[in-house]
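For reference, the structure is listed below as structure tokens.
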Amino acid sequence: MSDQLTNENIMAALGRVKDPEIGRDLVSLGMIKSIEIAGGTVDLTVELTTPACPLKAKIESDIVDGLVLLGATTVRVDWASNVKRTFGGPTADLIPGVRNTIAVASGKGGVGKTTVAVNLAVSLARDGARVGLLDADITGPNVPLMMGTTSSHVTGTGGRVNPVSAHGVSMMSIQYFLTGDSPVIWRGPLIHSAIQQFLRDVEWGDLDYLVVDLPPGTGDAALSISQLIPLSGAVIVTTPQEVSLMDARRAIAMFNKVNVRTLGVVENMSGFICPDCGTEHDIFGTGGAGSLAREFELDVLARIPLEPAVRTGGDAGTPITSPQHPASDSSVAAAALREFARSVAGRLSVLAAPMAAAGPRPN
Ligand SMILES: Nc1ncnc2c1ncn2[C@@H]1O[C@H](COP(=O)(O)OP(=O)(O)OP(=O)(O)O)[C@@H](O)[C@H]1O
Ligand SMILES: [Mg+2]
């Protein structure tokens, strides 16, 4: 065993490894939960700020490099996670076990909000997070169809209802209380009280992320829901063409007005990859979201191509990012959606970082 391989030296080496996203070292962030040294083998437990950490591989290789320099022959990293809360406000107490809430919004309808929301939730769950999905589109609830839960019966006791579960995600939608295709023609106050009940009366339990699928537009429904639900941030979905970008601008402005941070922009239906020849065609164009993002000093968090499997997966209730979808590991759109989910998680970790206290030091 190298005599350099002591607890103190290891902590000093780890103190030089930075969480690349937060920009601070693992020790001062309290991320090192245990160290065990046996001969040349070091076992570490590192607590991440999200199980969907986009830079896990980089952190691991920096740890290994640092400890090999001290003479370690084997370094084993056991990952844990502790997702911190990133929202507050008067309605935050309605969902006491929820750590982050992410609204998926757009100006224009039909641009892929529900598709993005569903795949964001499934991807985060697939990376090990505890995830909920709230269908806040009361008059056009599509989450149950896309998650394959249209015939689910809601259970509950004492005025509390349990979420419906599929693809590793806990969900609630007005659709679960409707029969068949009966329309919901509610006006503002009823929509308001339905959303309030979805927050207050659903047994969400402990969730790292609650994804909220918003109705389209910047009208009454979207606006009042954005004010009612305590939000960590919003993701704006747009397609590349100008009509969609114009409405996306309005959505960003709406969130600015109600003091909800926009986490970034998603360009959906960004080019079409022909399933026969693999060539990319610009149906709606590509890159429009880039200029929108620059205008508002935001980032484009993902470019998701038009892919028939995304649509068929949605229609069949098996989202493209679900391991149950046969193309989930080969689809370009699925890869883009999974990377998008990690970058959302990463952004929320950065938001939580100033509040992060240094954790206990290992013995
Ligand atoms: N990247 C994509 N590739 C192929 N089809 C897609 C893609 N994104 C979305 N779709 C399809 O486009 C249609 C509209 O998507 P979706 O319902 O998610 O939009 P929306 O913005 O939620 O609509 P609304 O405004 O009505 O709520 C769906 O049939 C969906 O499967
Ligand atoms: Mg929708």
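Tabulated data for the structure shown
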quantity: Odd one out for S330, checked against (1) under 16 Å from L120 (Cα atoms); (2) within 16 Å of ligand 1 (Cβ to nearest atom); (3) polar (S, T, N, Q); calculated: (1)
quantity: Which numbered condition P305 fails, given (1) surrounded by fewer than 17 Cβ atoms within 10 Å (Cβ to Cβ); (2) modelled with pLDDT under 95; calculated: (1)
quantity: Hey, L263 crowded, with 21+ Cβ neighbours inside 10 Å, more than 16 Å from ligand 2 (Cβ to nearest atom) and in contact (Cβ under 8 Å) with a residue 60 or more places away in the chain or not; calculated: yes
quantity: Residue, most open to solvent (accessible area, probe 1.4 Å), within the stretch 277-302, restricted to residues that are of a type in the set (G, A, S) and closer than 18 Å to A253 by Cβ; calculated: S291
quantity: Filtered residue count, the stretch 1-25, keeping only those that are at pLDDT 95 or above and among the hydrophobic types (A, V, I, L, M, F, W, C); calculated: 6
quantity: Residue that is most open to solvent (accessible area, probe 1.4 Å) [pool: residues in the stretch 46-84 that are assigned to a helix (DSSP H, G or I) and of a type in the set (A, V, I, L, M, F, W, C)]; calculated: L69
quantity: Cβ pairs under 6 Å, 6+ apart, first in the stretch 267-290 and within 18 Å of V243 (Cβ to Cβ) and free of Cβ contacts under 8 Å to residues at least 60 places away in the same chain, second of a type in the set (D, E, K, R) and surrounded by 11 or more Cβ atoms within 10 Å (Cβ to Cβ); calculated: E267/R303; S270/R303; G271/E280; G271/D282; A289/E267
quantity: Failed item in (1) within 16 Å of ligand 2 (Cβ to nearest atom); (2) in contact with a Lys or Arg (Cβ under 9 Å, 6 or more places away or on another chain); (3) modelled with pLDDT of 95 or more; (4) not basic (K, R), with A117 passing the rest; calculated: (2)
quantity: Strands (runs of 3 or more DSSP E) contained in the stretch 128-210 and holding at least 3 residues in contact (Cβ under 8 Å) with a residue 60 or more places away in the chain, crowded, with 17+ Cβ neighbours inside 10 Å and within 16 Å of ligand 1 (Cβ to nearest atom); calculated: 131-135
quantity: Answer from M254, M269, M246 - the residue that is assigned to a strand (DSSP E or B), open to solvent by 10 Å² or more (accessible area, probe 1.4 Å) and not polar (S, T, N, Q); calculated: M269
quantity: Hits in the stretch 85-127 - residues which are away from ligand 1 (no atom under 16 Å from the Cβ) and either more than 23 Å from A194 (Cα to Cα) or not in a loop (DSSP other than H, G, I, E, B) (or both); calculated: R85, T86, A92, D93, L94, V98, T101, L124, A125, R126, D127
quantity: Among residues of the stretch 120-168, those that are among the hydrophobic types (A, V, I, L, M, F, W, C) and more than 16 Å from ligand 2 (Cβ to nearest atom), counted; calculated: 8
quantity: Filtered residue count, the stretch 12-45, keeping only those that are more than 30 Å from S343 (Cβ to Cβ), among the hydrophobic types (A, V, I, L, M, F, W, C) and not in a strand (DSSP E or B); calculated: 1
quantity: Residue check, G219 in the same structural domain as S165 (by TED's automatic domain parsing) and touching a helix residue (DSSP H, G or I) at 6+ places or on another chain (Cβ under 8 Å); calculated: no
quantity: Boolean, L231 is surrounded by 23 or more Cβ atoms within 10 Å (Cβ to Cβ) and either modelled with pLDDT under 90 or more than 16 Å from ligand 1 (Cβ to nearest atom) (or both); calculated: yes
quantity: Selected residue (criterion: nearest to V266 (Cα to Cα)) from residues of the stretch 88-112 that are open to solvent by less than 20 Å² (accessible area, probe 1.4 Å) and more than 16 Å from ligand 2 (Cβ to nearest atom); calculated: T101
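The values are calculated or read from the model by the stated rules, or taken from the named source; none is laboratory data. The shown structure was predicted, so the numbers you read here are calculated from the model rather than taken from an experiment. Glycine gets a Cβ as well: all are built from the backbone with ideal geometry, and neighbour counts include every protein chain shown. Surface areas here come from the heavy atoms of the whole protein model, side chains and all, with no ligands, DNA or RNA. Shrake-Rupley method; radii C 1.70, N 1.55, O 1.52, S 1.80 Å.
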